[in-house]
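This is the structure, below, for whatever I ask next.
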Amino acid sequence: MDDLLAGHLQELRRGTAVVAALAILREPTYGYALLERLSEAGFAVDANTLYPLLRRLEKQGLLSSAWNTDESRPRKFYRVSPDGEALLDALLREWQALHTSIERLR
C-alpha cells in the first residue's frame, strides 16, 4: 500500500510543481533558491526535475530569465512572465474549482 500511495502522491505533486514554481517566481529567483523554497513549503522536487521544468516553462514563454554576474558565481534568475502570470491565475482558479468539487464528493 505504501508503494501505491507513493506513486499516486508523485503524480499529484508532478502536476502541482508548475503551479508552485510559477507562484514563487513572481519574484526573481535563481534555481537553487527555488529548490529550497519548494522544499521548505513541502514540495519535494529534485534538481533533475526542476531544471528541465524551468527550461520548458521558459521555452513556452511562461518564464523569463537573466544572468546575474555581479557575484563571484554567475546565477540565472527566473521570473514569471505576463503569460505565466495569466496561466498561474487560470490554474489556481481551476485548482479551487477542483478542490470544491472534491469536497462535495466527500
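The values are calculated or read from the model by the stated rules, or taken from the named source; none is laboratory data. Just so we're clear, the structure is a prediction, and the values are computed from it rather than from any experiment. Reconstructed Cβ throughout: ideal geometry from the backbone, glycine too, with neighbour counts over all protein chains shown. Only protein heavy atoms, including side chains, enter the accessible area calculation; ligands, DNA and RNA are left aside. Shrake-Rupley method; radii C 1.70, N 1.55, O 1.52, S 1.80 Å.
Quick check on my filter: what residues within region 45-86 are touching a residue at least 24 places away in the same chain (Cβ under 8 Å) and open to solvent by 90 Å² or more (accessible area, probe 1.4 Å)?
ARG79
If I filter region 53-98 down to residues being over 19 Å from the mean Cα position of the chain (by Cα) and not in a loop (DSSP other than H, G, I, E, B), which single residue comes out as nearest to ALA23 (Cα to Cα)?
Step by step, filter region 53-98, then rank; the result is ALA97.
Which of the residues belonging to region 1-44 are open to solvent by 30 Å² or more (accessible area, probe 1.4 Å) and among the polar types (S, T, N, Q)?
Answer for region 1-44, where residues must be open to solvent by 30 Å² or more (accessible area, probe 1.4 Å) and among the polar types (S, T, N, Q): GLN10, SER39.
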